Amino acid sequence: MMEIGRFQIDLEMRNLRRDGEVVRLGSRAFDILAVVASAAGRLVTKDELMNAVWPDTIVEENNIQVHLSALRKVLGPDRDLILTVPGRGYQLLQRKKNALPGEANSQVSLARRLPPPKSGLLPRAAEVELIRAMLRHAHVLTLAGAGGIGKTQLAIEAARHSAAQFADPVCFVELAALTTHESVLCAIAESCGLVLPGTQTDVTRVAAALAGKPRLLLLDNAEHVVGAVAQIADALVAGNERLRVLVTSREPLRIMAETVFRVDPLDVPPPDASDEEILACSAVNLFLLRANSLQETVATGSAELRLVGEICRRLDGMPLAIELAAARVVALGVEGVYRRLDDRMAILAGGYRTALPRHQTLRATFDWSFALLDPVTRAVFRRLALFSGTFCFESMCAVVCDEEHTMANAIGGITELVAKSLVSVQFVGAAAKYRLSESTRAYALEQLKAEGELREIVARNARYVSRCVQARLSGDRRDSENQAAGAHDLQPTLDDARVAFDWVFSADGDPRTGIELASNLADALLDAGLFEECCARAAQAVDALERQPSGTVSAASEQRVRAALDAASRAVREPLPALALTQRAPNPVPKKQEKHEPHEPHAPAVAAMAPPACFITT
Ligand SMILES: Nc1ncnc2c1ncn2[C@@H]1O[C@H](COP(=O)(O)OP(=O)(O)OP(=O)(O)O)[C@@H](O)[C@H]1O
Ligand SMILES: [Mg+2]
């Protein structure tokens, strides 16, 4: 017999009782209850539930909702004990059966304490010390940062080191499984040893009960209930000078009492680091520690160490991803892991059996964040997958904005993504520059492909970057100094054009859309004296064009690419590839075509720049 609130579940008799009396419940609803209850607090995924309840039939997902809502009706005031964790599944919340209605009392036995110290953690002494100091003044201190970056571990360590500043032991509340304002408040009350009835818990009563002694409350993993946590934390610290609330969340609470501490990734070595410098990086130490705990040793000879450094850098110093990568060394070796990083969503799986479900795989960590985005922000997010480095607001608008998504959507979306730690922002002068970590980008790309938008976004990006390169080539400086600093002087760069070129001439692109970019990039490379690269890219473009149906490609652009190839080939004193010598019929040859001499400044043939899409989209 299992218990859930005031109910008893008899698995043998297949019935549900309330205070001993059998309660009517449909058999599917009973099955759902039995599966979730048997998991004893573990999260049960939708698929798991479907397989258990309908083992031989394929049924629509909304069947779960139908039977679940019947079940919740029967559970009445105990309905919130079956939690829906958005995008993940269902979970049974344990509530103390004998919780008495009424005032707070001192049953500290119910209080939740800090988890015991975890072995194998790298010390983050400087951050711990800073947080400890900040807790003296900050009423609500939020450790914010990307998923798996180490917020929870850092908060627990900081709370442990700060405990002496408080009269009572630290109260720890794990929020990951909670979904409602009420369940968050109940969990806080319980963790502080206050016994209040689930359905009548009131934040003012909890606040009153916490008044008095200095106390530290650690609310862990708040992002999916950020609104509820914001309201509750605000109410709890109002008028209570001695209470400190330490929160971990992928997104700040946005309340006046809050101070935000951004959790940084572990250090990674720069590309040209020496062996000593690589070994001094915390990310590398974590990788070696985890990999070596699973097998004899990872050699620390120079070549292998460099690969480890590279892996850590490409995983942006994120501890969870580094752990998952290190675990793969047993099967793939360091080199195998390094080579398969492009497929990181597939290979970075198989986390610790004891880890949270969202820490079992890299994809699950991003699923958790993605499930919390609204549809517009999801669209903005996936379209940013094209940017491998930093990008500016104008570039973002060029790929995001269209008839459906306005510039206001783009602004709202990027604001959300920055807040939720999916995009980082830094300021170069007055201009914002954005960046997705390589792992975030890999996830966004999966979403972009799944939505069937990749080809269109690649084409948009190619058109935009092409116009920018063209503007730069023509020396167009229409804008005022300030505007230029914000846009044209910083963007586009040759790197943007290279990335856009690679995309548009890849299997996911479209050479016909890319030809104009290819002609502008080839001219820009000639200008920059990068003849070998110009040769390689122009030859690639010409080769791709050869495979297009005749008459489908802009003749003028094709001619310019061929001319650039011709000029660059002569500059590197290589024989001209046969491909470039012929212009296909029936494409007309442009009337006037400039020849570019390698030693003369290059004068590209460009039209006036059309305004970038972002300037005209509203
Ligand atoms: N300092 C550290 N040393 C070693 N491993 C660490 C460290 N910090 C984090 N990790 C590893 O990374 C995993 C994820 O860390 P943590 O749970 O703190 O991330 P998080 O930022 O709270 O993630 P989420 O946003 O999903 O809650 C941990 O389970 C741990 O195994
Ligand atoms: Mg956490």
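Observations on the model:
- Filter result for the condition that a residue is outside the structural domain of L341 (by TED's automatic domain parsing), surrounded by fewer than 20 Cβ atoms within 10 Å (Cβ to Cβ) and free of Cβ contacts under 8 Å to residues at least 60 places away in the same chain, over G429, G413: G429
- Residues being at pLDDT below 80, loosely packed, with under 13 Cβ neighbours inside 10 Å and over 18 Å from L75 (Cβ atoms) are entirely absent from the range 35-44.
- Some residue of the range 342-349 being buried (at least 19 other Cβ atoms within 10 Å of the Cβ) and over 26 Å from D496 (Cβ atoms): yes
- Any pair with Cβ under 6 angstrom, 6 or more apart, that starts in the range 1-18 at a residue that is more than 15 Å from A70 (Cβ to Cβ) and ends at one that is part of a loop (DSSP other than H, G, I, E, B): Q8/M1; D10/M1; R18/R6
- Subset tally (residues that are away from ligand 2 (no atom under 16 Å from the Cβ) and open to solvent by 50 Å² or more (accessible area, probe 1.4 Å)) for the range 161-178: 5
- Test: residue in the range 386-396 that is within 17 Å of Y443 (Cβ to Cβ) and within 16 Å of ligand 2 (Cβ to nearest atom): no
- Listed by first and then second residue, the pairs linking a residue in the range 116-137 that is open to solvent by less than 60 Å² (accessible area, probe 1.4 Å) and more than 16 Å from ligand 2 (Cβ to nearest atom) to a residue that is among the β-branched types (V, I, T) and assigned to a loop (DSSP other than H, G, I, E, B), with Cβ atoms under 7 Å apart and 6 or more places separating them unless they lie on different chains, form an empty list.
- Residue count for the range 160-181, restricted to those that are assigned to a helix (DSSP H, G or I) and either more than 14 Å from ligand 1 (Cβ to nearest atom) or modelled with pLDDT of 95 or more (or both): 5
- Taking the criterion of being in contact with a Pro (Cβ under 7 Å, 6 or more places away or on another chain) and either open to solvent by 20 Å² or more (accessible area, probe 1.4 Å) or away from ligand 1 (no atom under 16 Å from the Cβ) (or both), the only residue of the range 352-371 that qualifies is A371.
- Criterion applied to G317, G309, G301 was being on the phi > 0 side of the Ramachandran plot and either among the basic types (K, R) or open to solvent by less than 70 Å² (accessible area, probe 1.4 Å) (or both), and the one residue passing it is G317.
- Complete set of residues in the range 260-271 that are away from ligand 1 (no atom under 16 Å from the Cβ) and either under 14 Å from A138 (Cα atoms) or open to solvent by less than 50 Å² (accessible area, probe 1.4 Å) (or both): P269
- Filter pass, L279 being in contact with a helix residue (DSSP H, G or I) (Cβ under 9 Å, 6 or more places away or on another chain), open to solvent by 10 Å² or more (accessible area, probe 1.4 Å) and within 18 Å of S439 (Cα to Cα): no
- L372 passes every criterion in (1) within 16 Å of ligand 2 (Cβ to nearest atom); (2) in contact with an Asp or Glu (Cβ under 8 Å, 6 or more places away or on another chain); (3) in a helix (DSSP H, G or I) apart from (3).
- Residues that are part of a strand (DSSP E or B) and hydrophobic (A, V, I, L, M, F, W, C) were ranked within the range 207-221; the one that is nearest to E174 (Cα to Cα) is L219.
- Filter pass, I149 being outside the structural domain of L33 (by TED's automatic domain parsing), modelled with pLDDT of 80 or more and either in contact with a Ser or Thr (Cβ under 6 Å, 6 or more places away or on another chain) or open to solvent by less than 80 Å² (accessible area, probe 1.4 Å) (or both): yes
- Restricting the range 128-152 to residues that are in contact with a Leu (Cβ under 6 Å, 6 or more places away or on another chain) and in a helix (DSSP H, G or I), the residue that is farthest from ligand 1 (Cβ to nearest atom): M134
- Cβ pairs under 6 Å, 6+ apart, first in the range 248-259 and under 23 Å from I414 (Cβ atoms) and more than 16 Å from ligand 1 (Cβ to nearest atom), second open to solvent by less than 10 Å² (accessible area, probe 1.4 Å) and not small (G, A, S): E258/V140; E258/T142
- Hits in the range 320-365 (condition: in a loop (DSSP other than H, G, I, E, B) and hydroxyl-bearing (S, T, Y)): Y352, T354, T361
- The set of residues from the range 226-242 being small (G, A, S) and touching a residue at least 60 places away in the same chain (Cβ under 8 Å) comprises just one member, A233.
- Residue in the range 335-342 that is farther than 24 Å from L436 by Cβ, out of contact with any His (no Cβ under 8 Å at 6 or more places or on another chain) and free of Cβ contacts under 8 Å to residues at least 24 places away in the same chain present: yes
Condition check ((1) out of contact with any helix residue (DSSP H, G or I) (no Cβ under 8 Å at 6 or more places or on another chain); (2) within 25 Å of W368 (Cβ to Cβ); (3) of a type in the set (D, E, K, R); (4) open to solvent by 10 Å² or more (accessible area, probe 1.4 Å)) across all residues:
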residue	(1), (2), (3), (4)
L154	no, yes, no, no
I188	no, yes, no, no
R205	yes, no, yes, yes
A209	no, no, no, yes
D234	yes, yes, yes, yes
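- Out of E241, E276, one residue alone is over 28 Å from the mean Cα position of the chain (by Cα) and assigned to a helix (DSSP H, G or I). It is E276.
For every residue, the table says whether it meets (1) of a type in the set (D, E); (2) out of contact with any Gly (no Cβ under 8 Å at 6 or more places or on another chain); (3) closer than 17 Å to L178 by Cβ.
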| site | (1), (2), (3) |
| --- | --- |
| V23 | no, yes, no |
| S27 | no, yes, no |
| F30 | no, yes, no |
| A37 | no, yes, no |
| R42 | no, yes, yes |
| P55 | no, yes, no |
| E61 | yes, yes, no |
| V66 | no, yes, no |
| T84 | no, yes, yes |
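- When R460, R382, R472, R467 are checked against the criterion of being in a helix (DSSP H, G or I), within 21 Å of T365 (Cα to Cα) and not assigned by TED's automatic domain parsing to the domain that holds H224, a single residue qualifies: R382.
Conditions tested, residue by residue: (1) under 30 Å from F427 (Cα atoms); (2) modelled with pLDDT under 90; (3) open to solvent by less than 20 Å² (accessible area, probe 1.4 Å).
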{"position": "L473", "(1), (2), (3)": "yes, yes, no"}
{"position": "A487", "(1), (2), (3)": "yes, yes, yes"}
{"position": "F501", "(1), (2), (3)": "yes, no, yes"}
{"position": "A507", "(1), (2), (3)": "no, yes, no"}
{"position": "E532", "(1), (2), (3)": "no, no, no"}
{"position": "A541", "(1), (2), (3)": "no, no, yes"}
{"position": "T552", "(1), (2), (3)": "no, yes, no"}
{"position": "A571", "(1), (2), (3)": "no, yes, no"}
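- Listed by first and then second residue, the pairs linking a residue in the range 154-178 that is in contact (Cβ under 8 Å) with a residue 12 or more places away in the chain to a residue that is open to solvent by 10 Å² or more (accessible area, probe 1.4 Å) and acidic (D, E), with Cβ atoms under 6 Å apart and 6 or more places separating them unless they lie on different chains, are L154/E127.
The values are calculated or read from the model by the stated rules, or taken from the named source; none is laboratory data. Being a predicted model, the structure only gives us computed values, none of them experimental. Using ideal geometry, Cβ is built from the backbone for each residue, glycine included, and neighbour counts are taken over all protein chains shown. Ligands, DNA and RNA are excluded from the accessible area calculation, which covers all protein heavy atoms including side chains. Shrake-Rupley method; radii C 1.70, N 1.55, O 1.52, S 1.80 Å.
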